[in-house]
1. Does segment 100-107 contain at least one residue that is buried (at least 20 other Cβ atoms within 10 Å of the Cβ) and either free of Cβ contacts under 8 Å to residues at least 60 places away in the same chain or assigned by TED's automatic domain parsing to the domain that holds SER202 (or both)?
2. So which residues in segment 20-53 are in contact with a Leu (Cβ under 6 Å, 6 or more places away or on another chain) and in contact (Cβ under 8 Å) with a residue 60 or more places away in the chain?
3. Taking the condition without any contact (Cβ under 8 Å) to a residue 12 or more places away in the chain and either among the basic types (Lys, Arg) or surrounded by fewer than 20 Cβ atoms within 10 Å (Cβ to Cβ) (or both), does THR206 pass?
4. Quick check on GLY228: is it at positive phi and modelled with pLDDT under 95?
5. For segment 208-217, indicate whether the set of residues that are over 12 Å from the mean Cα position of the chain (by Cα), under 23 Å from LEU34 (Cα atoms), of a type outside the set (Asp, Glu) and not assigned by TED's automatic domain parsing to the domain that holds VAL54 is non-empty.
6. What single numbered condition from (1) touching a Lys or Arg at 6+ places or on another chain (Cβ under 7 Å); (2) crowded, with 18+ Cβ neighbours inside 10 Å fails to hold for SER143?
7. Filter segment 113-137 for residues that are in a helix (DSSP H, G or I) and either loosely packed, with under 14 Cβ neighbours inside 10 Å or touching a Cys at 6+ places or on another chain (Cβ under 6 Å) (or both) and give the result.
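The values are calculated or read from the model by the stated rules, or taken from the named source; none is laboratory data. Not measured: the values here are computed from a predicted model. Every residue, glycine as well, gets a Cβ built from its backbone with ideal geometry; the counts of neighbours run over all protein chains shown.
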Amino acid sequence: MAQLTVMISGGFSGPYQQMLPQFEKMTGVTVTTLSGASQGSGPKTIKAQIDKGVSADVVILSREGLTELMVAGKIIPGTDIDLATAPLGAAIPAGTAKPKIDTVAEFKQALIDTKFIAVPGSTSGIYLVDELFPRLGLTNLISVKVTERGSQATALLAAKEVGMAVQPTSELFHVIGIDYIGRLPKEVQLIQTFSAAVVTGSKQTTSAQQLIQLLISKQATQAIQNSGMDLIQR
């Protein structure tokens, strides 16, 4: 039986997990799923794992992270395709009072009032910590906990160790113990594109392409939208 190994970041995990049983049933291919961050430092990023020799046939991650892999020659040219986009959203521990974040002023005040914020150390966290929070003059007014993965940020939130998490909407939907507030105002928004590609050296390129085609098909529409993501207009 054919085997396929997929390495995926948190942003597109929701739709992927919803579509995986259909793919396995349709093709008879058994899929092993590995996890990694789109970008960042440390050994858990997708690039660091592939550089270290971890084998994968398909990668699914932010377009920024995929570009780094393409530059490094880790992707079969022409196999990359965008799957969906995810704006940044915010969430709070379940049952706590929901602040307003409809305007930049409201969002900034909510962060100041909350004080302790969690962000993932990948693409979105890099933008928030290095660019947005300094631009809003928040650097000395809030305490930011940067986690290696988005799931760790939401775990801190559910445990009430922080008061708010800011990360892609797709990482905030359907997480037990947290309440999603909404998307960030468009003036401070980062829309992330999540993409897939076949890894150089894969011996399962046909199955890999089949999986990617399913993830961009009409059949994936509901799974994408259910995860708080937006469709790519093709």
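1. No, segment 100-107 contains no residue that is buried (at least 20 other Cβ atoms within 10 Å of the Cβ) and either free of Cβ contacts under 8 Å to residues at least 60 places away in the same chain or assigned by TED's automatic domain parsing to the domain that holds SER202 (or both).
2. Within segment 20-53, PHE23, VAL29, VAL31, SER38 qualify.
3. Working: without any contact (Cβ under 8 Å) to a residue 12 or more places away in the chain: yes; either among the basic types (Lys, Arg) or surrounded by fewer than 20 Cβ atoms within 10 Å (Cβ to Cβ) (or both): yes.
Here the answer is yes, as THR206 does meet what is asked.
4. yes
5. So far as segment 208-217 goes, no, none of its residues is over 12 Å from the mean Cα position of the chain (by Cα), under 23 Å from LEU34 (Cα atoms), of a type outside the set (Asp, Glu) and not assigned by TED's automatic domain parsing to the domain that holds VAL54.
6. Among (1) touching a Lys or Arg at 6+ places or on another chain (Cβ under 7 Å); (2) crowded, with 18+ Cβ neighbours inside 10 Å, the lone unmet condition for SER143 is (2).
7. ASP113, ASP130, GLU131, PRO134, ARG135
Residues are listed down the side, and each one gets a yes or a no for (1) modelled with pLDDT under 95; (2) of a type in the set (D, E, K, R); (3) touching a helix residue (DSSP H, G or I) at 6+ places or on another chain (Cβ under 9 Å); (4) under 30 Å from ILE212 (Cα atoms):
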{"residue": "THR79", "(1), (2), (3), (4)": "no, no, yes, yes"}
{"residue": "ILE101", "(1), (2), (3), (4)": "no, no, yes, no"}
{"residue": "GLU106", "(1), (2), (3), (4)": "no, yes, no, no"}
{"residue": "ALA110", "(1), (2), (3), (4)": "no, no, no, no"}
{"residue": "GLY137", "(1), (2), (3), (4)": "no, no, yes, no"}
{"residue": "LEU141", "(1), (2), (3), (4)": "no, no, yes, no"}
{"residue": "LYS145", "(1), (2), (3), (4)": "no, yes, yes, no"}
{"residue": "SER151", "(1), (2), (3), (4)": "yes, no, yes, yes"}
{"residue": "ALA155", "(1), (2), (3), (4)": "no, no, no, yes"}
